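First up is the structure itself, then whatever we jot down about it.
Computed from the coordinates by the stated procedures, all read-outs in this text should not be read as laboratory data. These numbers were taken from a predicted model, which means no experiment stands behind them. Glycine gets a Cβ as well: all are built from the backbone with ideal geometry, and neighbour counts include every protein chain shown.
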Amino acid sequence: MTDLRFPGEWEPHAATWLAWPHNRMDWPGRFHAIPFVYAEILRHLARRERVDLLVQDEAAQRRAQAFLARAHAPLENIRFHIRPTDRIWMRDSGCTFVKDGDRLKAVAWTFNAWAKYDNWQRDREVAPFMAQVAGAPVIRGRRGDQPLVLEGGSIDADGRGTLLTTEECLLSDVQVRNPGMTRDAYERAFAEHLGIRKVIWLGDGVKGDDTHGHVDDLSRFVAPRTVVTVVEPRKDDPNHAPLAENLRRLKAATDADGHPLEVIELPMPGPLYYRGVRLPASYGNFYIANGLVLCPVFNDPHDRHALDTLAKVFPDREVVGIYSGDFIWGFGAMHCMSQQQPA
């Protein structure tokens, strides 16, 4: 597996994988708005690349098709698959596609609903299904003779052997995915399964993150040697200190080839609450597609700054803001819901 490589998200895609929303308990009291958010995402995304969309059953497929047609989403570029899921967070339940030379392969991690919920049985079957449809041989994620529990939202890569993750998610004693697994053991697993040569460990994630520290709310590679990271200048906000520490670590880090990183700061939106719960609203949860970047926005004064920053980072892509004030009540946004299949 010397040629194994985890491509950067900005590299060409064959498709994006999504699942049509159905679990009302993920957005209690606000589910009615979620299909409208999905339709807007699909309207933009399916203009740029094929979308492979999971639905619960034939009736759900008909409802989704009718909804998307009314929203003028390009149905001819949406491929429906009947595959029941527990939730729709394809970044975490789906496989991680890698390249072995010119050959596409699929790393199927073990999914256990973030070591927090008990309804994961259907989601656990999503990764091998994706691999089968894509015609990609499966690499079973393992740590020695044990299955390796991991979510795609906990890792981000530059396509050249460097990976970002967080200590809060993988090494803390809360929501423990792999009891007893050490930093070195994770690094060996990333090398074996993804061809990673260097792991950059950040500290804590954003407040309100149901996953306990996923890196895709924090810091993202946007090109080789270039990272976008969220910052919170307000010192009275609980995100200020951990995000400042992550920024410090990135500025001190080098990539797998020993090159320093260019670090671009992205603002955080103002605190967002619903029913007294701090929500993990972050502009860092954007998704990079072919010719397109989808970024969550929140009707916040910082929306414009975030979109302008990403437009400068991606001058050759259309940057589109997707209102996510309702969507984030499900504790995820554009990146959490999607999984790219490299071309």
**OP:** Would you kindly state how much longer the chain becomes between R197 and D236 on full extension, computed as 0.36 nm times their sequence separation minus their alpha carbon distance, in nm to one decimal?
**Re:** 10.3 nm
Original post:
Amide H neighbours of T165 under 5 Å, counting only residues 5+ apart in sequence or on other chains, H built in-plane at 1.01 Å?
Top reply: I200, L202
**OP:** Could you work out which residue, out of D118, D158, D300, moves most in a Gaussian network model of the chain, that is, has the largest mean-square fluctuation with Cα springs under 10 Å?
**Re:** D118
Subject >> From phi via Karplus (6.51, -1.76, 1.60), per-residue ³J(HN,Hα) for the stretch 324-341 in Hz, x at Gly/Pro >> reply: 10, x, 7, 4, 5, 4, x, 6, x, 9, 4, 6, 4, 7, 10, 9, 7, 10
**OP:** Report the antiparallel proportion of the DSSP beta bridges in the chain as a percent, rounded to a multiple of 5.
**Re:** 45
Original post:
Say each of F36 and E318 gets a label point 7 Å from the Cα, pointing the same way as Cα to Cβ; how far apart are those two points in nm?
Top reply: 2.2
Original post:
With respect to the cross-link table entries K105/K207; K105/K198; K99/K251, which display a Cα-Cα separation exceeding 24 Å?
Top reply: K105/K207; K99/K251
Subject >> Sequence-distant residues sharing a close amide H with E262 (under 5 Å, placed H) >> reply: T226, V227
**OP:** Rounded to the nearest Å, what's the spacing between the alpha carbon centres of the stretch 216-290 and the stretch 81-120? Just the number, please.
**Re:** 24
Subject >> Calculated from backbone phi, Karplus (6.51, -1.76, 1.60) coupling profile of the stretch 253-269 in Hz, x at Gly/Pro >> reply: 8, 10, 7, 5, 9, x, 8, x, 8, 8, 10, 10, 8, 10, x, 9, x
Original post:
Taking springs between alpha-carbon atoms closer than 10 angstrom, which of T254, T85, T96 fluctuates most in the Gaussian network model of the chain?
Top reply: T254
Original post:
If the label point is 7 Å along Cα→Cβ of R188, which residues in the stretch 1-21 have backbone nitrogen under 18 Å from it?
Top reply: 1-2
**OP:** Can you tell me the order of 88-94, 217-223 when each peptide is scored by its average per-residue count of other Cβ atoms within 10 angstrom, highest first?
**Re:** 88-94, 217-223
Original post:
What is the diffusion coefficient of the stretch 137-241 in µm²/s, taking the Kirkwood radius over Cα pairs and the Stokes-Einstein relation at 20 °C with a viscosity of 1.002 mPa s?
Top reply: 147
